[in-house]
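Worksheet for the structure shown next.
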Amino acid sequence: MLIPWKIPSISAFFLLSTCLGCISVHAVERLPAKGIVPVSGRLLITGASTMTPMIEAAGKRFSTLHPDVRIEVQTVGSARGIDDVMKGKADIGMVARALTDKESGLYSFAIARDGICLVVHKNNPVRSLTNRQVFDIYTGKINNWIRVGGKDASIVPINVKEGFGSVELFTHYFGIEYADVKSPIVMGDDLERVKAVIENPNGITYVSIGTAQQQADTGAHIKLLPINGVAATTKNIRTGNFPIARPLVLVTKGVPTGLVKEFITFSLSSQITDIVLQHHFVPYLD
């Protein structure tokens, strides 16, 4: 039976634990049966760029089981995904972070875990940065790689558009006000930022560990930097050791019924575990 989970707010998320597997679950409510689940129809799912490839793959598999179901997935950022659900513009939202207190009224279903890591070009000799150095780079106090053990070259910080889930986790963890970020480049989804770093050897950005690892494994010239001395790996997310970890959740405005309920139930099941792993995420209850 499908059970909606109330995911803690961002502040509570960091205060309680960096181990997402240990997050307390609040307000458990069982979903009522609503008769026969439709085997045809259309679902619009909008939200986090981090989750888009995974949900697209899950949607294709679901449609294989239900050929008369059409699933459309749009990348618009976590905040917009929430807004679309609240306004009835989307059936399901994808949110790549914990919900805020203001969003706690939504029904949340965590399907995977991920983390946020710093990414530089593969040829950049810098192997790690302290939290203070990251703060100083993104606020413009350090603007040359030579000051952090790199080459004599200007640092090009690549920032993320407001509304994307990674922004809130990154700025919260490093204690940076978004308005104080000094960046000549502001971009949207993870793949755009990875591409920007590949094209600019002096660039640095922050992206999903899952996305970064998948790109690195396919030959992208990037390097994942550790955070506070902890390697950016799926293993460290699974053990709860990685400091900037997050849930990847599907959200709905009300109790899911019909086709929405069927798809969420499918997404919470072992039927997509291999898809979660293929995208270098950790199944939420792993």
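What FRET efficiency, computed as 1/(1 + (r/R0)^6) with R0 = 45 Å and r the Cβ-Cβ distance, is obtained for Lys102 and Asp217, rounded to the nearest 0.05?
FRET efficiency, Lys102 to Asp217: 0.75.
Among Gly140, Gln74, Gly163, whose Cα sits farthest toward the positive end of the charge dipole of the chain (+1 at Cβ of Lys/Arg, -1 at Cβ of Asp/Glu, about the Cα centre)?
Gly140
Out of His221, His66, His121, any idea which swings most in a Gaussian network model of the chain, alpha carbons joined below 10 Å?
Of the options given, His66 has the highest mean-square fluctuation.
Near Lys261, which lysines are there with a Cα under 29 Å away, not counting those fewer than 8 places off in the same chain?
The qualifying lysines are Lys6, Lys34, Lys60, Lys87, Lys89, Lys102, Lys253.
Determine the equivalent ellipsoid of the range 55-166 by diagonalising the alpha-carbon gyration tensor, then write out the semi-axes as square roots of 5 times the eigenvalues, largest first, rounded to whole Å.
38, 18, 12
How do Ser108, Ser49 rank when sorted from fewest to most other Cβ atoms within 10 Å of their own Cβ?
Going from least to most buried by this count: Ser108, Ser49.
Which whole-number percent gives the relative contact order of the range 115-239, counting Cα pairs below 8 Å spaced six or more residues apart?
Computed value for the range 115-239: 41 percent relative contact order.
Working from Cα positions, state the angle (0 to 90°, nearest 10) between the long axis of helix 165-174 and the longest principal axis of the chain.
Long axis of 165-174 versus the principal axis of the chain: about 40 degrees.
Round to the nearest 10 and give me the degree value, 0 to 90, for the angle of helix 190-199's Cα axis relative to the longest principal axis of the chain.
So the helix axis and the longest Cα principal axis differ by about 30 degrees.
Where a ≥ b ≥ c are the square roots of the eigenvalues of the C-alpha gyration tensor, would you call the range 154-210 rounded, which needs a/c under 1.5, or, failing that, prolate if a/b is larger than b/c, or oblate?
Taking the square roots of the gyration eigenvalues as a ≥ b ≥ c, the range 154-210 is oblate.
Give me Asp114, Asp101 ranked fewest to most by other Cβ atoms within 10 Å of their Cβ, as a rough exposure proxy.
Asp101, Asp114
How high is the relative contact order of the chain, in percent, with contacts defined as C-alpha pairs under 8 Å that are six or more residues apart?
Working: 617 pairs, mean separation 80.4, N = 286.
It comes to 28 percent, rounded to a whole number.
Of all DSSP beta bridges in the range 115-239, what percent run antiparallel (nearest 5)?
Taking every DSSP beta bridge with both residues in the range 115-239, the antiparallel ones total about 70 percent.
If N is the number of residues in the chain, what value comes out of its Cα radius of gyration divided by 2.2 N^0.38 Å?
Expressed relative to 2.2 N^0.38 Å, the Cα Rg reads 1.01.
Shape of the range 192-286 from its Cα gyration tensor (a ≥ b ≥ c, root eigenvalues): rounded if a/c is under 1.5, otherwise prolate when a/b > b/c, or oblate?
Here the range 192-286 falls in the prolate category.
Give me the extension gain from Ser270 to Gln74: residue separation times 0.36 nm, minus the current Cα-Cα distance, reported in nm with one decimal.
68.2 nm
Per DSSP H run of at least 4 residues, take -39500 (n - 2.57); add these up for the chain, divide by its residues and hand me the 222 nm value, nearest 500 deg cm²/dmol. Please report the intermediate quantities before stating the final value.
Working: 10 runs with 89 residues, N = 286.
-8500 deg cm²/dmol, from helical runs alone.
For a test of the definition: using alpha carbon positions, the gyration tensor, and the 1.5 limit on a/c, classify the range 115-239 as rounded, prolate or oblate. It would help to have the intermediate numbers written out before the result.
On the way: a/c = 1.26, a/b = 1.10, b/c = 1.14.
Rounded.
Which ordering of Thr50, Thr171 is given by a fewest-first count of other beta-carbon atoms within 10 Å?
Thr171, Thr50
All of the numbers you see were taken from the coordinates with simple rules; none came from a lab. Here the structure is a predicted model, which means the values were calculated and not measured. Quick reminder, even Gly has a Cβ in these numbers, built from the backbone with ideal geometry, and neighbours come from all protein chains shown.
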